[in-house]
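Structure, as structure tokens:
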Amino acid sequence: MAAKILANLIIMGSGILARAVVQAYRQALANASKSGVAQETLQNAARRASKVMTEQEARQILGVTEEMPWEEIVKKYDNLFERNAKNGSFYLQSKVHRAKECLEDVYRSKAEGATPS
């Protein structure tokens with residue numbers, strides 16, 4: 001008899017708690033939409049997603065200067081990429097790769113601008 005009463009109390013209590021959590025969540029969403037937090041969060045996410053690496057940042061990551069020839073940049077890239085592949089982090093490896101891609105675009109546009117049409 002006591003076990004049945006205890007089980008009923010637990011079931012009723014969990015139902016009340018579940019409804020309270022849902023109600024609190026709805027209220028939090030309503031407050032967020034009123035204060036503009038939801039829109040600000042979406043704008044920040046879009047800003048982060050569209051962030052493109054700058055040439056300066058790419059050069060800093062690879063440790064190269066503007067005067068370095070492309071072959072030296074590729075050597076630095078290969079060295080850093082292999083180091084991070086063996087015992088580094090995937091995050092750093094991807095940063096190194098993105099830096100090389102960025103500088104490839106820069107050097108390609110410089111080469112296209114230098115060739116006479």
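The values are calculated or read from the model by the stated rules, or taken from the named source; none is laboratory data. Source: prediction; values computed, not measured. Glycine also receives a Cβ, built like all others from the backbone with ideal geometry; neighbour counts cover every protein chain displayed. These accessible areas exclude ligands, DNA and RNA; they are computed on the full protein's heavy atoms, side chains included. Shrake-Rupley method; radii C 1.70, N 1.55, O 1.52, S 1.80 Å.
Quick notes on this structure:
- Pick from segment 47-75, criterion of a type in the set (A, V, I, L, M) and exposed (fewer than 10 other Cβ atoms within 10 Å of the Cβ), ranking: modelled with the lowest pLDDT: Ala49
- Any pair with Cβ under 6 angstrom, 6 or more apart, that starts in segment 52-75 at a residue that is within 12 Å of Lys100 (Cα to Cα) and ends at one that is open to solvent by less than 40 Å² (accessible area, probe 1.4 Å) and part of a loop (DSSP other than H, G, I, E, B): Ile73/Val64
- In segment 76-117, the residues that are part of a helix (DSSP H, G or I), hydroxyl-bearing (Ser, Thr, Tyr) and free of Cβ contacts under 8 Å to residues at least 12 places away in the same chain: Tyr91, Ser94, Ser109
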